[in-house]
């Protein structure tokens, strides 16, 4: 057995997975080299590495997908090996081949294994011929990709069917089709997404299992023919076929079914003499408990931390060891036991209440909860820029505890105590998933999220949070003004010649409603506060229009301001309820946007201090009728042409940004005027559609 000493590794990736690999390398005494694009010049992973090489423009096609630039960077810095991470070139057989040809170790499977099993069509054909004991989903994976052929095969299979990109993963290029009339449209959409994501528009057509559980098995192989498993991961909480929450062990499997699954996974691994980390994915029919092979991901998975939590392994270390020539029989992996339960939540820059529209911008405040049993994998920090060029994953939060119930409680608490202000995130949505009775009982399938939880998301009411947040926002702004006061500090704040007029603010929310806050300073840090909710479409009250009724008594506690003066912390007691808050502010046009985090709320509250000289109703109506690009994007499809009469909620456009497709829906009734065309690259702030 020959073992090669690896002294220096280049990570052909970015963000959290680059940070993850670098941390293990540091523990092993291995030097690291990062590669970065224009957009990532100041990213944490660049500074964490020992060296970093600039490889191109921000678009992945000009940087992270350029194998020649990456290999040149590895040769220039005299690296012994390249770790591909996940995504980008991690499952490219050509890249793996070119790395080896350059005399560099590829930390992953052999190129031949990637070619055999990485493509879904060839994988199904191989298993059908060489491993008939592995059950395959009925479907079509042939070379004839004519639209008529795909339609004919879909009809033969029977609806619903799943269209799937042969070369892809991560939910890209996948469409569920329930009726024949939608097939051609969805085939074109799936092909387009597959081509943009993987430069290959070949599709499979499979029978869609409506009540399915997505369960995957982590395998590892070495060059000596040993293949082992590291148990399973349940990945059924998905939206648009993209995983959101994963857990291990699966709450659905019993010992018998688990044994059959891992046996099938090892059979596949041994069939292709697999080396390194791989994941064999299955779909389990929740009704019959029959399971079928889906695909093999020939790389480390995003969700690998939960496997590390229950096994005690460092999978990146194991990857490096296997690539260097170490036998699995000489590692901790030969005698694994499951210890406890682990749950991972993917914190993403997206807005669940706006069809999960990706969100960009500066991270104004990022702070992790310090809890035993909780692990963070991230590539961001306060001040990081979330760009349009890459996927919206910000952090992975993993909770590990002796039981599933304890892991659930720990995961919820971790999310509540994680502060991320700036781009909108799905933090509250994750908390609501973990709190739902179906998830608590483990009774969910791949359709559960879209069928049960997402429809509830738009019905949520945040009245109590809005009222509380309005007070905190107003008094934090009052604190900033008081802190900045230079002269006449002996004069009580809010002094008026006309004493009966109170100080007031009007704060607005993204649902179109406003809250008027009137207040008086009773003592130095004690206030009387009156609130009035202003419904959507109502004009703001005139100055001097006093609110009646008994006031709320509010006492300000400790306050601290960030060095840049744009945020801070505040403790506040509102009618006897004492809570701490973390706050960030930024300018949104001519108005100030305030974001507030409380560990008592699931969601970050986003408020805008209204300009009282501008009609609130008219500005909101303008927003509803003028659809502006929130970030740079590509127009994929115009769904309502100019002259079309639309209602509230009707789809107008399909756009792509941050590797995600999103539909833009009308906020008002009227006649459409489209200001862009299909294929256009639209700059942030550009008007795309008017509804007159």
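Miscellaneous remarks
- Hull volume in cubic angstrom per residue (convex hull over the Cα atoms of the stretch 138-207): 70
- Protection proxy ranking, peptides 120-128, 556-564, average beta carbon neighbours within 10 Å, highest first: 120-128, 556-564
- Size descriptor, Kirkwood hydrodynamic radius, that averages inverse alpha-carbon separations across the stretch 316-453, Å: 17.0
- Using the average count of surrounding beta-carbon atoms within 10 Å as a protection proxy, the listed peptides 291-302, 520-531 rank, highest first, as 291-302, 520-531.
- Expressed in Å, the radius of gyration and Dmax of the Cα atoms of the stretch 37-109 are 11.9, 32.
- Helix axis angle, 15-28 relative to the chain longest principal axis, alpha carbon, degrees: 60
- Normalised convex hull volume, the stretch 617-691, alpha-carbon set, Å³ per residue: 76
- For the stretch 134-177, the ratio of Cα radius of gyration to the globular rule of thumb 2.2 N^0.38 Å stands at 1.16.
- Rg/Rg_ref, the stretch 162-273, where Rg_ref = 2.2 N^0.38 Å and atoms are Cα: 1.25
- Between the Cα long axis of helix 147-157 and the first principal axis of the chain there is an angle of about 80°, rounded to the nearest 10.
- Relative contact order of the chain, pairs being alpha-carbon contacts under 8 Å that are 6 or more residues apart, as %: 9
- Rounded to 5, the percent of DSSP beta bridges in the chain classed as antiparallel: 90
- Cα Rg, Dmax (largest Cα-Cα span) when computed across the chain, Å: 27.3, 91
- Listing 19, 676 from fewest to most neighbouring C-beta atoms within 10 Å gives 676, 19.
- Crossing angle, helix 183-198 versus the chain [Cα axis fit, 0-90 degrees, rounded to tens]: 80
- Remark: 637, 424 ranked as 637, 424, counting other beta-carbon atoms within 10 Å and listing the fewest first.
- Descending Cα extents along the principal axes, the stretch 1-53, whole Å: 43, 17, 15
- Surface/4 of the Cα convex hull for the stretch 344-396, nm²: 4.2
- Geometric descriptor of the stretch 1-160, per residue, is 176 Å³ (volume of the convex hull of the Cα atoms).
- Over all pairs of different C-alpha atoms, the stretch 420-480 has a mean inverse distance whose reciprocal, the Kirkwood radius, equals 14.1 Å.
- Whole-Å semi-axes of the ellipsoid equivalent to the stretch 104-153 (Cα gyration tensor, √5λ, descending): 27, 16, 7
- Taking other C-beta atoms within 10 Å as the exposure proxy, 54, 304, 214 rank 54, 214, 304 from fewest upward.
- Rounded to two decimals, the Cα-based Rg/Rh of the stretch 255-347, with Kirkwood Rh, is 0.96.
- The stretch 156-214 and the stretch 33-57: distance between their alpha carbon centers, rounded to Å: 35
Values in this text are rule-based calculations from the coordinates and carry no lab data. Owing to the predicted nature of the structure, the values given are computational and were not obtained by experimental measurement. Heads up, the Cβs are rebuilt from the backbone with ideal geometry, glycines too, and the neighbour counts pull from every protein chain shown.
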